[in-house]
Amino acid sequence: MNLDFSRVMPSLPYILEGIYITLQVVVLAALLGFSLGIILSLFKISTIKPLNWLADFYTSIFRGTPLVLQLMLIYFGSPQVFGIQIEPFTAAFLSFGLNSAAYISEIIRAGIMAVDKGQKEAAIALGVPYRKMMTDIILPQAMKNILPALMNEMITLTKESAVVTIIGLNDIMRRAYIVGGQSYRFFEPIMIAGLIYYILVMILTIAGKLVERRMRRSD
């Protein structure tokens, strides 16, 4: 094997700078996905049929097409559709957030449906308004049940964020590719990028377990 990491190690700080960009995309996408996911999940359990259809249609579109296609449509299609060029960073977190919302909505919907029906019946009997019942009673209990699934979605977002390299965003993977082109050695910088992603995922995994353990103790 013809491996020589010493030739790419001077570029390690440059690759590491991509962590900030990657985390920005992931955090903003997660916030957008979670916020929109809650709204979609409430639409799905609503008694108003048009809201059910709208949420199901949204989910089918974003779950039924590749994420990279959605990213390319938003970035490369924006000048043709909207007459403006959306910035790579904006296109990245928008596409990831909108895509994640479809999955998170299903996770939250399943969590809400798993809450004991007696909780809802008791709230209705006490005259608790629907909005207050959902925010103060149902959703907090649902969140405890779906935390592992939400953490898995966060991990998936972190790993899949590497596809933003196709629109030129200087994330971890893009910087590793640039270093490979400059040094004519692609294996080493890509391996370094892989190690960085692995460490980020392990940190998220450990953080998720700690939060889950703490929530269990608070029961």
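The values are calculated or read from the model by the stated rules, or taken from the named source; none is laboratory data. Model, not experiment: these values are computed from the prediction. Positions of Cβ are generated from backbone atoms using ideal geometry, with glycine treated the same way; all protein chains shown enter the neighbour counts.
Please find, within segment 201-219, the residue that is surrounded by the most Cβ atoms within 10 Å (Cβ to Cβ) out of those that are closer than 10 Å to M151 by Cβ and modelled with pLDDT under 85.
Result: G208.
Return the pairs, sorted by first residue and then second, in which the second residue is outside any loop (DSSP other than H, G, I, E, B) and hydroxyl-bearing (S, T, Y), the first residue lies in segment 1-25 and is surrounded by fewer than 16 Cβ atoms within 10 Å (Cβ to Cβ), the beta carbons are less than 8 Å apart, and the residues are 6+ apart or on different chains.
The qualifying pairs are R7/S183.
Checking T165 against (1) closer than 30 Å to R7 by Cα; (2) touching a residue at least 60 places away in the same chain (Cβ under 8 Å); (3) surrounded by 17 or more Cβ atoms within 10 Å (Cβ to Cβ); (4) out of contact with any Asp or Glu (no Cβ under 6 Å at 6 or more places or on another chain), only one condition comes out false. Which one?
(2) is the only condition that T165 fails.
How many residues, within segment 59-73, are of a type in the set (V, I, T), surrounded by fewer than 19 Cβ atoms within 10 Å (Cβ to Cβ) and assigned to a helix (DSSP H, G or I)? Don't jump to the end; show me each part of the working.
Initial filter on segment 59-73 (of a type in the set (V, I, T)): 59, 61, 65, 68.
Now narrow it down to the ones that are surrounded by fewer than 19 Cβ atoms within 10 Å (Cβ to Cβ): 61, 65, 68.
Then keep just the ones that are assigned to a helix (DSSP H, G or I); that gives 61, 68.
Counting residues in segment 59-73 that are of a type in the set (V, I, T), surrounded by fewer than 19 Cβ atoms within 10 Å (Cβ to Cβ) and assigned to a helix (DSSP H, G or I) gives 2.
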